[in-house]
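Worksheet: one structure, shown below.
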Amino acid sequence: MKKENLYNLKKMYKDIGQNFLINKNIIKKIINIVKPKKKQTFLEIGCGTGLLTKELYKYTKKIIAIDIDNKLIKFCKKKYKNIKFIKKDILKFNFLNYKKKLRIIGNIPYYISHKIIYKLIKNYKFINDIHILVQKEFANNLIQKIKNKKYSKTTLIINSLFKIKKIMNIKNYFFKPKPKIESTLIKLISNKNKNNIKDINFFIHITNNIFYKKNRKIYNNLKNFINIKELIKHNINPNNRLNKINIKKYYNIVNYIIKKNKNF
Ligand code: SAH
């Protein structure tokens, strides 16, 4: 790659997750997988030096590319005159400002992967699908737990709204500066029936409560919300532990609790 096309790497801050994907073939491959269409609007999280943005721009002009680092945004604005770059913390991004459903893409900063995932989950109504690079272990953890039926709080919450898929691993030498860890591209597609989650914030609140001591019997975890009879009515053995519970039953019971509390 020509020198002038590279941002001065000495200026980067590792503590805000600045490891840029610089391999053009991998970038092209990602965009091929994402299959952007002209009319679709994309939100790119952590656009960095804009290499992924530039490739995306070949397919759609509707891009909101954001990064928290003002220097990078200035650099991108100068280099790619036609693309709209915004300096912003993704955790403060307001989805309400956008009418159309967004497609999310990004080589996201890993130090806040977890927070970004929750931000996206809470705004699921504004989102069509998500293609993000995350730390390999983080991706494996989410996906394995679903396969093995060992649900963590986050897997349960994600699966209530999205189908999650591992697309490919990406070696660390494709990034600059080269991070210690490897990356995985994951895809989250909006789950059409969304397991009928009535209120995502309340759903997250209850799930946090339930998982507070997840090795207790399910009855003990839920006793502030529901009695034994109600559990049995939902085909849940009150003596089981959380990890024995079938995911569909979990959603049913939590939805029931939400209804009861909020009178939907
Ligand atoms: N996608 C880019 C860069 C990935 S590195 C590329 O492949 O070239 C992650 C990027 O996220 C960095 O540019 C970093 O500045 C940015 N970032 C870090 N914290 C952020 C936050 N809270 N909100 C938005 N961007 C953030």
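Between I228 and Y173, the modelled labels are 6.3 nm apart [label points 7 Å from Cα along Cα→Cβ]. Take 180-187, 51-58 and order them by the average number of nearby Cβ atoms within 10 Å per residue, most first; the result is 51-58, 180-187. For the chain, a Gaussian network of Cα nodes joined below 10 Å ranks N97, N237, N221 by mean-square fluctuation, and the top entry is N97.
Taken over the Cα atoms of the chain, the convex hull encloses 133 Å³ per residue. Dipole check for the stretch 148-262: with +1 at the C-beta of Lys and Arg, -1 at the C-beta of Asp and Glu, and the Cα centre as origin, the magnitude is about 220 Debye. In this structure, the residue pairs whose Cα-Cα separation is over 27 Å, taken from K99/K166; K92/K198; K187/K248; K37/K249; K119/K192, are K99/K166; K37/K249. As a proxy for reagent exposure, Y118, Y250 were ordered by neighbouring Cβ count within 10 angstrom, fewest first; the result is Y118, Y250. Computed extension gain for K88 through I189, at 0.36 nm per residue and net of the alpha carbon distance, reaches 33.9 nm.
Extending 7 Å from Cα along the Cβ direction at F211 and again at N25 yields two label points whose distance is 3.8 nm.
Bear in mind that the values in this text are calculations on the coordinates, not laboratory data. Predicted, not measured: the structure shown is a model, and the values here were computed from it. Don't worry about glycine lacking a Cβ; one is built from the backbone with ideal geometry, like all the others, and counts go over all protein chains shown.
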